[in-house]
Amino acid sequence: VGGSYRPMFNVSFAIDYAIWGLQPIGYHLSNLFFHLANIILVWAVVRRFFSRDSKKEWLAATAALVFAVMPHHSEAVIWLSARGDVLVTFFFLLTLLLYDYGRHKRWLFVLSLVTFTIALLTKEMAVTLPLVIVIWEAARHRRFAWRSLYYAAMTGLFFVARYLAIGLAAGYYADSSLL
């Protein structure tokens with residue numbers, strides 16, 4: 001009872017093991033790949049958010065550069081156990097980008113729901129994405145994001161799955177009677 005519910009975290013290590021065996025360099029390369037991909041996604045998300053601003057290229061490049069050199073991000077590349085951080089960031093940002101591009105393309109919207117599900121199954125912090133989408137819509141399009149309710153429903157299903165898997169809907173290690 002308790003702990004974390006992160007099946008995609010384990011799947012990522014299983015994929016690495018299938019490719020690299022027990023060679024640690026391969027696991028570090030995977031973390032580095034996701035960190036580099038996250039830098040690109042930060043650039044793309046910021047550029048998309050500020051698409052109407054004449055300084056969007058400068059803003060996006062600056063955000064990506066700051067993200068790239070943040071000292072605490074080295075931990076996610078060097079420390080293999082921090083893989084969940086680079087993975088959830090990847091799927092979180094990818095979901096946000098697909099969500100916005102999917103405003104008029106249903107298949108991109110559906111793909112964003114898939115990437116959101118993967119983010120949820122990677123690390124619990126992805127539960128914040130529905131709120132981020134509401135803020136995104138309010139700031140960028142000046143309206144409520146009704147489609148965010150799909151993400152909220154997925155989050156609810158995640159809490160049910162998490163409860164069934166580890167006996168806790170929320171928290172990490174705790175007595176389930178506290179909930």
Q) Can you tell me which residues in region 13-42 are small (Gly, Ala, Ser) and either over 19 Å from the mean Cα position of the chain (by Cα) or loosely packed, with under 15 Cβ neighbours inside 10 Å (or both)? A) 14, 18, 21, 26
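Please tell me if residue 119 is surrounded by fewer than 19 Cβ atoms within 10 Å (Cβ to Cβ), among the aliphatic types (A, V, I, L, M) and either assigned to a helix (DSSP H, G or I) or at pLDDT below 95 (or both). Break it down stepwise before answering.
Working: surrounded by fewer than 19 Cβ atoms within 10 Å (Cβ to Cβ): no; among the aliphatic types (A, V, I, L, M): yes; either assigned to a helix (DSSP H, G or I) or at pLDDT below 95 (or both): yes.
In short, no.
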**Q.** Breaking point among (1) part of a helix (DSSP H, G or I); (2) within 23 Å of residue 7 (Cα to Cα), for residue 22
**A.** (1)
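Residue by residue, here is whether (1) assigned to a helix (DSSP H, G or I); (2) closer than 21 Å to residue 15 by Cα; (3) free of Cβ contacts under 8 Å to residues at least 12 places away in the same chain holds:
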| site | (1), (2), (3) |
| --- | --- |
| 68 | yes, no, no |
| 74 | yes, no, yes |
| 93 | yes, no, no |
| 113 | yes, no, no |
| 126 | yes, no, no |
| 143 | no, no, yes |
| 154 | yes, no, no |
| 164 | yes, no, yes |
| 171 | no, no, no |
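Here is a yes/no grid of residues against (1) surrounded by 17 or more Cβ atoms within 10 Å (Cβ to Cβ); (2) modelled with pLDDT of 85 or more; (3) closer than 13 Å to residue 6 by Cα:
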site	(1), (2), (3)
106	no, yes, no
133	yes, yes, no
156	no, yes, no
175	no, no, no
(Q) If I ask for residues that are open to solvent by 30 Å² or more (accessible area, probe 1.4 Å), over 12 Å from the mean Cα position of the chain (by Cα) and not charged (D, E, K, R), which ones from region 87-104 would you list? (A) 101, 104
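The values are calculated or read from the model by the stated rules, or taken from the named source; none is laboratory data. Nothing here was measured: the structure is a model prediction, and the numbers come from that model. Positions of Cβ are backbone-derived with ideal geometry, glycine not excepted, and every protein chain shown enters the neighbour counts. With ligands, DNA and RNA removed, areas are computed over all heavy atoms of the protein, side chains included. Shrake-Rupley method; radii C 1.70, N 1.55, O 1.52, S 1.80 Å.
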